[in-house]
Amino acid sequence: MNIWDPTHECISRDELEQLQLERLQATINRVHKNVVHYRKKFNELGIIPEDIVSLEDLSKLPLTSKDDINCNYPYGMFAVPLREVVRIHSSSGTGSKPMVAGYTKNDIRIWSNLVARFMTAASVTRDDLVQVAFHYGLFTGAFGLHYGAETIGASVIPMGTGNTERQIMIMQDYKSTVLVSTPSYALELAYRMEHLGINPKSLSLKVGLFGGEPWSENMRSEIEQGLAINATDNYGLSEIIGPGIAGECSCKKGLHIYEDAFLPEIIDPDTGKVLPTGTEGELVITTLTKEAFPLIRYRTRDITSLNYKPCDCGRTLVRMKRISGRSDDMLIIRGVNVYPSQIEEAVYGAAQGEAPYQILVERIGAMDSMEVIIEVTDKIFSLELQKQRSFLESVKKRINTITGIHAYVKLVEAKSIPRQDGKIKKVLDKRHI
Amino acid sequence: MLRIKNINTYYGQVHALKNVSLHLAEGEIVTLIGANGAGKTTLLNSLSGIVPPKSGQILFNDTEINHLEAHKIVRLGVSQVPEGRQVFKPLSVEDNLELGAYLNYRVKDGKAQSKKYMGMVYDLFPILRQRRKQLAGTLSGGEQQMLAIGRALMAKPRLLLLDEPSMGLAPMIVQEILKVIADLSREKKTTLLLVEQNARAALKIAHRGYVLETGRLILEGTADELLENKDVQRAYLGRDKKEIWER
């Protein structure tokens with residue numbers, strides 16, 4: 001059986017709930033003591049830690065949003081002094097400032113073991129060669145999978161992103177057996193191999209672990225055919241821990257949430273009320289083991305539903321459905337989280353005032369592309385050609401600084417972007433996933 | 001085997017345990033870490049029925065024991081080794097042990113059973129066999145601690161509660177006692193809840209641990225995790241020499 005931690009992954013519901021309650025109470029005691037933000041929020045609602053006597057009481061506690069994290073930028077939500085933090089990662093916030101996540105030594109170890117769970121479920125063993133085609137840096141993806149693979153004892157090829165032909169060369173020569181990337185990049189690899197006339201069956205590749213962006217069953221079968229592998233899904237969120245919140249088992253009927261470390265709830269994104277089991281809604285997560293950056297009822301903004309029925313694989317942990325959408329306007333471009341508000345900030349900043357614009361997202365081949373179309377305003381029109389060009393450059397640069405991705409920027413005639421009821425649809429997402 | 005949910009214990013007006021939830025699996029060694037006055041001993045006393053909790057639930061092998069009297073809890077298989085040993089000093093070692101087996105005197109062939117258990121205790125602590133006729137008050141601190149543990153074992157507990165077994169003892173003796181405790185779990189499959197000032201030593205033999213702070217549990221984790229935790233290190237493990245040098 002491919003189970004990394006049977007004690008926790010196959011725990012009975014009864015024992016799990018006891019463990020969750022203990023860890024929840026300990027976490028609440030810690031954040032109440034160490035994090036000003038939570039103490040203030042609890043006080044406003046007149047809640048003391050002793051009010052939480054069951055898992056159901058969780059719903060008495062306030063929800064935590066990205067805005068809360070932004071207000072406490074950068075380290076305000078940490079529950080330990082900074083010198084106990086051994087790692088810092090970050091991901092996009094809604095504004096120009098990112099969200100910062102810290103890890104203690106224990107956090108890193110727990111994280112590695114959580115990732116090892118879904119890697120093991122995907123049949124990765126110590127005999128495997130894992131090619132990590134995620135970007136190494138502030139993003140959590142690459143490091144999470146890297147540590148997970150090392151914990152299992154597999155060999156890691158820390159490839160990073162880009163340079164598709166070199167990826168393929170290494171895949172062929174080093175005989176990688178496992179691919180870690182975004183699903184769209186896996187497709188890109190498949191297309192490129194077809195173009196180069198490489199038979200995927202000639203590779204040693206057998207498994208792909210894909211995450212970082214939403215994908216579909218259609219994409220899965222396309223990847224599985226194009227690369228001749230078994231493609232599995234996993235779920236993570238930088239603020240919470242990175243990859244390792246949930247992962248698919250061999251049944252591929254939903255992703256098991258590692259409930260001994262994360263307590264999931266489904267809420268109505270509009271009212272914030274907890275929805276009955278099985279209903280679709282926004283996923284809310286409370287961390288149960290995190291030391292440096294614990295989160296109480298964090299709104300993931302991802303839409304899914306939970307299934308508590310036992311799974312054929314033997315794991316007792318709840319399964320979440322593939323993410324079906326977002327309850328905010330965040331875009332995921334090539335695995336990077338981008339908020340329209342960030343783009344607006346870049347455009348208005350460069351234009352030194354409001355300028356009508358539209359964000360156009362498309363999928364060209366397998367890869368996402370983002371184009372920002374700006375209407376010429378009088379102010380921009382009056383500029384010389386040279387200055388117009390430098391204006392475009394500066395928008396591009398600002399977008400890249402804030403979001404970390406490259407966007408195409410072009411100017412169009414005034415009033416040429418179609419309007420509905422006099423308003424421009426600011427985001428036009430033409431992707432079919 | 002043991003499952004505690006939300007117990008609250010008071011000493012008069014003092015709220016000593018606040019919503020404590022904790023569990024022990026069969027055969028586990030779990031240690032409670034915390035400063036003086038955090039509520040560690042109170043937790044043991046609440047378990048054994050000496051200071052019953054005001055609210056909450058204690059399940060021992062699915063039996064609710066939070067309303068039971070102390071002697072009934074012993075009968076179910078929970079024995080406590082009290083802080084400061086509390087042996088009966090004017091009695092001999094053997095008599096002390098027999099008192100630990102008072103439950104057996106009500107049953108048929110109880111006497112034979114007590115003999116058997118006593119033999120087991122003497123095998124664990126051979127020094128007690130040598131001293132069996134001696135008055136408990138004349139034993140050294142370490143020997144008294146062994147006797148206190150032996151006395152608790154005479155009731156053949158399934159869960160043993162140990163309160164500060166290393167208190168006031170020489171490091172060599174502490175090593176010996178902790179080794180016996182580890183053996184009890186490994187060989188006799190006794191489940192152990194261990195309260196220890198010497199957190200480092202306790203975490204070395206424990207599987208898991210909980211950290212208590214002013215009556216509240218603030219951390220649960222494996223022994224390795226707690227050893228790595230900076231809060232635990234700073235508050236309960238003492239500074240390493242190296243760290244002092246660096247300052």
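Here, each number is a calculation from the coordinates, and none is a lab measurement. Since this is a predicted model, take the numbers as computed values, not measurements. Heads up, the Cβs are rebuilt from the backbone with ideal geometry, glycines too, and the neighbour counts pull from every protein chain shown.
Taking every DSSP bridge with both residues inside chain B, close to 55 percent are antiparallel. Cα-Cα over 29 Å: which of B:K89/B:K179; A:K66/A:K423; B:K108/B:K188; B:K40/B:K230; A:K105/A:K252; A:K97/A:K425? Beyond 29 Å: A:K105/A:K252.
The lysines whose alpha-carbon is closer than 16 Å to the alpha-carbon of B:K72, local same-chain residues fewer than 8 away aside, are B:K156. Extending 7 Å from the Cα toward the beta-carbon at both A:V427 and A:K40 defines two label points whose distance is 2.8 nm.
Of all DSSP-defined beta bridges confined to the protein assembly as shown, some 60% are antiparallel rather than parallel. Taking the number of Cβ atoms within 10 Å of each Cβ as an exposure proxy, the fewest-first ranking of A:V36, B:V51 is A:V36, B:V51.
Taking the DSSP beta bridges in segment A:1-328 as the whole, what percent of them are antiparallel, to the nearest 5? The antiparallel proportion sits near 65 percent. In terms of surrounding Cβ atoms within a 10 Å radius of their Cβ, A:W111, A:W215, A:W4 rank from fewest to most as A:W4, A:W215, A:W111. For the peptide A:19-29, the mean number of other protein chain Cβ atoms found within 10 angstrom of a residue's Cβ is 6. Given the pairs A:K273/A:K309; A:K206/B:K204; A:K273/A:K426; A:K40/A:K321, which are separated by over 32 angstrom at their Cα positions? As for pairs spanning more than 32 Å Cα to Cα, those are A:K206/B:K204; A:K40/A:K321. Other protein chain C-beta atoms within 10 Å of residue C-beta, averaged over B:227-235: 4.
Close amide-amide hydrogen proximity is noted between A:V156 and A:V130, each under 5 Å apart and 5 or more residues distant or on a separate chain (H modeled in the peptide plane; Pro and chain starts excluded).
3J(HN,Hα) along segment A:313-328: 6, x, 6, 9, 6, 4, 10, 9, 6, 3, 4, 9, x, 10, 9, 9 Hz, from the Karplus curve 6.51 cos²θ - 1.76 cosθ + 1.60 with θ = phi - 60°, whole Hz, x for Gly and Pro. When +1 charges are put on Lys and Arg Cβ atoms and -1 charges on Asp and Glu Cβ atoms, the dipole computed for chain B relative to its Cα centre reaches about 540 debye.
Relative contact order, whole percent, for chain A stands at 14, derived from Cα pairs under 8 Å and 6 or more residues apart. Peptide packing: for A:40-52, A:319-331, A:16-28, A:235-247, the average count of neighbouring Cβ atoms within 10 Å per residue gives the ranking A:235-247, A:16-28, A:319-331, A:40-52, highest mean first. In percent, rounded to a whole number, the relative contact order of segment A:332-429 is 35, using alpha-carbon pairs under 8 Å and six or more apart.
Only Lys, Arg, Asp and Glu carry charge here, each on its Cβ (+1 for the first two, -1 for the last two); on that basis segment A:332-429 has a dipole of about 100 debye about its Cα centre.
Summarising the amide proton neighbourhood of A:D368: residues at separation of 5 or more, or on other chains, whose placed amide H is nearer than 5 Å comprise A:R334. For segment B:176-193, 3J(HN,Hα) computed residue by residue from phi via the Karplus equation (6.51, -1.76, 1.60; θ = phi - 60°) reads 5, 5, 5, 5, 4, 4, 4, 5, 4, 6, 6, 8, 8, 6, 6, 8, 10, 10 Hz, glycine and proline entered as x.
Placing a pseudo-label 7 Å from each Cα along the Cα-to-Cβ vector at A:S221 and B:K111 gives an inter-label distance of 8.2 nm.
When each of A:D128, A:D268, B:D123 is scored by the number of other beta-carbon atoms lying within 10 Å, the sequence from fewest to most is B:D123, A:D268, A:D128.
Backbone amide hydrogens, once placed in the peptide plane, bring A:V409 within less than 5 Å of A:V372, excluding anything fewer than 5 places away on its chain. Projecting the Cα positions of B:T214, B:G119, A:V409 onto the charge dipole of the protein assembly as shown (unit charges on Cβ atoms of Lys, Arg, Asp and Glu, taken about the Cα centre) puts B:G119 furthest along the positive direction.
Once C-alpha pairs closer than 8 Å and six or more residues apart are averaged by separation and normalised to the residue number of chain B, the relative contact order reads 27 percent. When shorter helices are ignored and each DSSP H run of at least 4 residues is given -39500 (n - 2.57), the per-residue value for the protein assembly as shown at 222 nm works out to -10500 deg cm²/dmol. Restricting segment A:140-206 to trypsin sites (Lys or Arg not before Pro) that sit in a DSSP loop and have at most 16 other Cβ atoms within 10 Å of their own Cβ leaves A:K175.
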